[in-house]
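Report on one structure; see the data block that follows.
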Amino acid sequence: MTALLRGGAFDPWQELAHIEAGLAKGTHGACASFVGTMRDFNVGDNVHSMSLEHYPEMTQQFLDTICTEANGRWNLIHCLIVHRYGEIKPGEPIVLTAAWSAHRAEAFDACRYLIEELKARAPFWKKETTDTGERWVHDAPGE
Amino acid sequence: MQLKVKFFASLSEQTGLAETTVNADNPATVLDAWKLATGDQTMPVNTLCAINMAYAHLDDSISDGDEIAFFPPVTGGCT
């Protein structure tokens, strides 16, 4: 199980390839992955950049816990979370979740679990810079 | 007892605090830690809290040496 916090841009496909290279050949028949990328719009406004704050120790602990939970719920070969923090520009990946298993159903379910649990509970906070200034996403209308 | 109190995101901006140390009577709750650290500022209704990096409730008891954190609703991942 691998959960990583990254303070700079990352390439999700390289992250996946790195994990794949470390897995024994023939052990998994499926890998499901999800990549979340920063948009240049949100709730009707242009977004120029975003600052992603986190609670370093709690966030790392939480991502580790989500991976452990997924591994307990499904029969996984491996699972992966990579999440950005700091300054992010539109088009850059924010988050990657992935799960490897013998069959596709478990990989799909586990991958979705990782991103949904992360989004619901992991301590991250987004601050967007729009045409009219900065705003916290949890305060944005429609959020 | 001595407590470390942390604030994140909009709550850090609102209170003017990122991290502080307070001395509290024993027993005390998470809400007491907020009042001591902020000088009894008004707490936003959607505030979340944690004790030693585990989600908690405002009426949970705290112990000497605990790290208490206050933060707004989380917005990680993406839509």
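Out of all the residues in segment A:95-114, is one or more within 14 Å of residue A:47 (Cβ to Cβ) and touching an Asp or Glu at 6+ places or on another chain (Cβ under 7 Å)?
No; the residues of segment A:95-114 include none that is within 14 Å of residue A:47 (Cβ to Cβ) and touching an Asp or Glu at 6+ places or on another chain (Cβ under 7 Å).
Can you tell me which condition residue A:101 does not meet? The list is (1) surrounded by 18 or more Cβ atoms within 10 Å (Cβ to Cβ); (2) within 11 Å of another protein chain (Cβ to nearest Cβ); (3) polar (S, T, N, Q), and all the others hold.
Evaluating residue A:101 over (1) surrounded by 18 or more Cβ atoms within 10 Å (Cβ to Cβ); (2) within 11 Å of another protein chain (Cβ to nearest Cβ); (3) polar (S, T, N, Q) leaves (2) as the failure.
So, restricting to strands (runs of 3 or more DSSP E) that lie completely within segment B:1-56, which ones have at least 1 residues that are touching a Cys at 6+ places or on another chain (Cβ under 9 Å), under 25 Å from residue A:139 (Cα atoms) and within 14 Å of chain A (Cβ to nearest Cβ)?
B:54-56
Criterion first (farther than 26 Å from residue A:41 by Cα and either of a type in the set (A, V, I, L, M) or part of a strand (DSSP E or B) (or both)) does residue A:78 satisfy it?
When the stated conditions are applied, residue A:78 passes them.
Among the residues of segment A:29-73, what is the count of those that are assigned to a loop (DSSP other than H, G, I, E, B) and buried (at least 19 other Cβ atoms within 10 Å of the Cβ)?
2
Within segment A:5-24, take every residue that is among the hydrophobic types (A, V, I, L, M, F, W, C) and surrounded by 14 or more Cβ atoms within 10 Å (Cβ to Cβ) and give me the one that is farthest from residue A:78 (Cα to Cα).
Ranking the qualifying residues of segment A:5-24, first place goes to A:10.
Do you know which of the residues in segment A:74-88 that are within 14 Å of chain B (Cβ to nearest Cβ) and surrounded by fewer than 24 Cβ atoms within 10 Å (Cβ to Cβ) is nearest to residue A:21 (Cα to Cα)?
By that ranking, first place goes to A:82.
Residue A:52 fails exactly one of the following numbered conditions: (1) among the hydrophobic types (A, V, I, L, M, F, W, C); (2) at pLDDT 95 or above; (3) within 23 Å of residue A:76 (Cα to Cα). What is the number of that condition?
Answer for residue A:52: the failing condition is (3).
The values are calculated or read from the model by the stated rules, or taken from the named source; none is laboratory data. Computed from a predicted structure; not experimentally measured. Backbone-built Cβ (ideal geometry, glycine too); neighbour counts: all protein chains shown.
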